[in-house]
Amino acid sequence: MNMTKSLTILGATGSVGQATLDVVMEANARARAAGKEDSYRVIALTANRDWAGLAEQALATGASYVALGDARFGPQLEAALAGKGVAIGLGPEALVEAAARPAELVMAAIVGAAGLAPALAAAKRGATIALANKECLVCAGSVFLKAVQDGGARILPVDSEHNAIFQVLDQSDRVEKLILTASGGPFRTWSATAIAAATPEQAVAHPNWSMGQKISVDSATLMNKGLELIEAALLFGMPENKIDVLVHPQSVIHSLVAYEDGSVLAQLGAADMRIPIAHALAWPARLVTSAPRLDLAAIAKLDFELPDLERFPALNLARCALQMKGAAPTILNASNEVAVQAFLDRNVSFPEIAAIVSETMEEACRLGMDAALGDLDDVYAADEAGRSIATQNIAKRKFVSA
């Protein structure tokens, strides 16, 4: 009996995509060593601009199709794969084509709104989606979940926090609350004065996880945890007032579920994305991985504290967006992406990230842009509006400061 699972990786050259390939290659090597067929067969890979990394991955995995979102780098990709029998697609529509190919599993790891259309394509054809793209739920929650339901697809959460909840969630009608843990980021112990002078280099230096620049800044502002709060509400059908956030600097407990009888179940593990990725790829079974084993005796203690919403107001902005529903989370995410990039470009200070998001949400609501989302066009319109207003707010700040 052939037990090989076919797999497409959207965002293959990013940190989650690379970790996914590590898990796949290790699983296949173990299977071959045992005289068995490969556990996974990669059929399609995508990237945005990293044509060299994509070409290398295609040759290493034997993928039959690769897609590059930024068509300007197409000639380099085509030259690298000439004569290798790999079909190549260029542009945003090629990412959708990759997701539409008949893989059983789709790792949705494209960062940002660019991941929406491909993930929707996978949902509509009924794929099992290992979801690492926050925007699918934060920006297009109702639209994406409807596509999942209508297409008969399945979502397996990959974010360590949501994967942790998924692993310990039982009898969801008896849940008292979900508790998302946060490392607190690099500025957890910093004063407000010190945070005001924080540099991009300091913000991306996450104490526990190795991540891309944008998500690292989100972790520093706690916006990442706010986005995860929105995701958790939609993934697990939980009202906002039954989801708490707890700062846990060791990042050993990835999330907890509290039940009505007083029981609290937690999933623990090393801060290594290969663990939740392996769980999603193998579910309902489990894979052997080389991820570090947890040594609680060596760690010796686990600390917890409530998040400081004065120093880190972004978390509360996300909670407010979830309460507002409609397009509010879409606008929150769009304005945050713009503000984070402005910070990385040294055009605004670290505290101004949350301030810009707050101003943008207020302006969007005043203009009536927080209406319900009907389809993907509505999502894109709200996303564009959020980006436009945020960009204007940044320009105003630069003008005033000048």
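The helices (runs of 4 or more DSSP H) located wholly in the stretch 146-231 that include 2 or more residues which are of a type in the set (A, V, I, L, M, F, W, C) occupy 160-168, 192-196, 213-221. Mind listing whichever residues of the stretch 372-398 are surrounded by fewer than 18 Cβ atoms within 10 Å (Cβ to Cβ) and among the small types (Gly, Ala, Ser)? Passing the criteria: Ala372, Gly374, Ala381, Ser388, Ala395. For Val348, the conditions (1) outside any helix (DSSP H, G or I); (2) closer than 23 Å to Val379 by Cβ are fulfilled apart from (2). The number of residues in the stretch 299-318 that are assigned to a helix (DSSP H, G or I), more than 18 Å from Met369 (Cα to Cα) and at pLDDT 95 or above comes to 3. State yes or no: is Leu287 within 28 Å of Thr199 (Cα to Cα), more than 19 Å from the chain's Cα centre (by Cα) and not assigned by TED's automatic domain parsing to the domain that holds Leu145? No; evaluated as a whole, the condition is false for this residue.
Yes or no, residue by residue, for (1) without any contact (Cβ under 8 Å) to a residue 40 or more places away in the chain; (2) acidic (Asp, Glu):
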position: Ala339; (1), (2): no, no
position: Arg366; (1), (2): yes, no
position: Asp370; (1), (2): no, yes
position: Tyr380; (1), (2): no, no
position: Arg387; (1), (2): no, no
position: Ala390; (1), (2): no, no
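Checked against the criterion of being touching a Gly at 6+ places or on another chain (Cβ under 8 Å), surrounded by fewer than 20 Cβ atoms within 10 Å (Cβ to Cβ) and within 23 Å of Gly184 (Cα to Cα), the candidates Leu302, Leu294, Leu332 yield just one match: Leu294. When we screen Leu156, Leu169 for residues that are among the hydrophobic types (A, V, I, L, M, F, W, C) and modelled with pLDDT under 95, the only hit is Leu169. The one condition from (1) among the basic types (Lys, Arg); (2) under 30 Å from Ile230 (Cα atoms); (3) free of Cβ contacts under 8 Å to residues at least 24 places away in the same chain that Arg125 does not meet is (3).
Would a scan of the stretch 184-194 turn up a residue that is touching a Leu at 6+ places or on another chain (Cβ under 6 Å) and not assigned by TED's automatic domain parsing to the domain that holds Met25? There is no residue in the stretch 184-194 that is touching a Leu at 6+ places or on another chain (Cβ under 6 Å) and not assigned by TED's automatic domain parsing to the domain that holds Met25.
The values are calculated or read from the model by the stated rules, or taken from the named source; none is laboratory data. It should be emphasised that the depicted structure is a prediction, and the values quoted were computed from it without experimental measurement. Using ideal geometry, Cβ is built from the backbone for each residue, glycine included, and neighbour counts are taken over all protein chains shown.
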